[in-house]
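Every number in this text was worked out from the coordinates using simple rules, so none of it is lab data. Note that this is a predicted model, so its numbers are computed, not measured. In this analysis, Cβ positions are derived from the backbone assuming ideal geometry, glycine residues included, and neighbour counts consider all displayed protein chains.
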Amino acid sequence: MKIHPESFSARPALWKRGFKALNANRALYLLLLPGLLYFTIFKYLPMAGIIVAFKDFNLGQGIWHSDWIGFENFRIFIEGVYFWQILGNTIIISLYKLLLGFPAPIILALLLNEIQASWYKKFVQTVTYMPHFLSWVIVYGMMVALLSPGDGLINQWIKDSGFQPISFLSEPQWARFLVVASEIWKDLGWGAIIYLAALAGIDPSLYEAARMDGASRWRQLWHVTLPGIRTVMILMLIMKLGHILDAGFEQIFMLANAFNQEKIDIIDTWVYRAGLERMEVGLATAVGLFKSIIGFIMVILANRIAKKFEAEIW
């Protein structure tokens, strides 16, 4: 391979152009700097702690001096008594949330987009996204006020109708339903904001052309509206698939009790008990790393499938 001398002489010019471009856009790079610092300090630097997953962590010895045990923590978790139960609960709850919760904000956004009265549209949008700002502690308190078997509002209606009250919060058969329903209710309006922004970006001339061709409202929805937001839909789906094993720690932690735990005990709650209650930090880190790897694989697969079939779907 021949090395041309002029290639070395061109390097100072490249550096000069690079610094010139950096100086010209310095305001944009300064705006980017806080985000880069955040991800560096709180996302990338803590990745060094992954090594704990491969060690018998001892608080007195520290991370670097604890004994190296390789994949022993992973073996303990996979061969554990509750592995298939918590993995199954996590996947089932996540799939329910994906299948029922993913289309819900899309449907709400499409309905809001059809409303002509702007004041009513803003009112509905405000009412639906306000629950997003409530903590799960407050949401659980509201659920207790509504579903308590003693004096809950819904159970009062049930008793007034001549039926026996239902212990919604403790009976296992209601546990997953409450988890999925409360998640959808809480994040429905907030998720719709993204799709409303995407709908606002559709060229109105496309609707005019469709109407001139005699397309009905349903045809306009299928051939103009949905293709106009499909990129956002695919992006949101990929992001949700990346969190397929994140079934919602705070929500499950609040709703779980001794009666329904077998139905809604997930990986995150198990990690909490192992890492903080039993101080098995190495085991908890290994489980967290296992979950992250599965999420990373799901993102890659979903991205490739979306690119492959995007043209065929529409």
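Here the Karplus relation 6.51 cos²θ - 1.76 cosθ + 1.60, evaluated at θ = phi - 60°, turns the backbone of the range 117-125 into coupling constants of 6, 5, 5, 6, 4, 5, 5, 5, 5 Hz, with x for every Gly and Pro. Distant-in-sequence amide contacts of Lys55, defined by a placed amide H-H separation under 5 Å and a gap of 5 or more residues or a different chain, comprise Ile69. Taking only the Cα atoms of the range 149-256, the ratio Rg/Rh comes out at 1.19, with Rh defined as the Kirkwood radius. Dividing the convex hull volume of the alpha-carbon atoms in the chain by its residue count gives 283 Å³ per residue.
Counting only lysines at least 8 places from Lys240 when in the same chain, those with an alpha carbon closer than 21 Å to its own are Lys43, Lys97, Lys186, Lys291, Lys307, Lys308. Each Lys or Arg adds one and each Asp or Glu subtracts one; over the other residues with Cβ under 10 Å from the Cβ of Asp246, this totals +2. Listing Trp68, Trp136 from fewest to most neighbouring C-beta atoms within 10 Å gives Trp68, Trp136. Residues Met279, Met212, Met298, Met143 in ascending order of nearby Cβ atoms (within 10 Å, fewest first): Met212, Met279, Met298, Met143. For the range 80-215, the fraction of C-alpha pairs farther apart than 23 angstrom is 54 percent. Principal semi-axes of the equivalent ellipsoid, √(5λ) from the alpha carbon gyration tensor of the range 210-314, are 42, 18, 8 Å from largest down. In the chain, the DSSP-assigned H stretches of four residues or longer account for a calculated mean residue ellipticity at 222 nm of -22000 deg cm²/dmol, using -39500 (n - 2.57) per stretch and the full residue count as denominator. Within the straight-line cut-off of under 30 Å between alpha carbons, the lysines reachable from Lys16 are Lys2, sequence neighbours fewer than 8 places apart in one chain being disregarded. Taking Cβ atoms as reference points and 11 Å as the exclusive limit, the residues near Leu95 contribute a net charge of +3, counting Lys and Arg as +1 and Asp and Glu as -1.
Between Thr126 and Ile300, the contour length at 0.36 nm per residue exceeds the Cα-Cα span by 59.1 nm. Taking other Cβ atoms within 10 Å as a rough exposure proxy, Trp270, Trp185, Trp157, Trp218 sort from fewest to most as Trp218, Trp157, Trp185, Trp270.
The 3J(HN,Hα) values that the Karplus relation (6.51, -1.76, 1.60; θ = phi - 60°) gives for the range 167-176 are, in residue order, 8, 4, 7, 10, 7, x, 5, 9, 5, 5 Hz. Gly and Pro appear as x.
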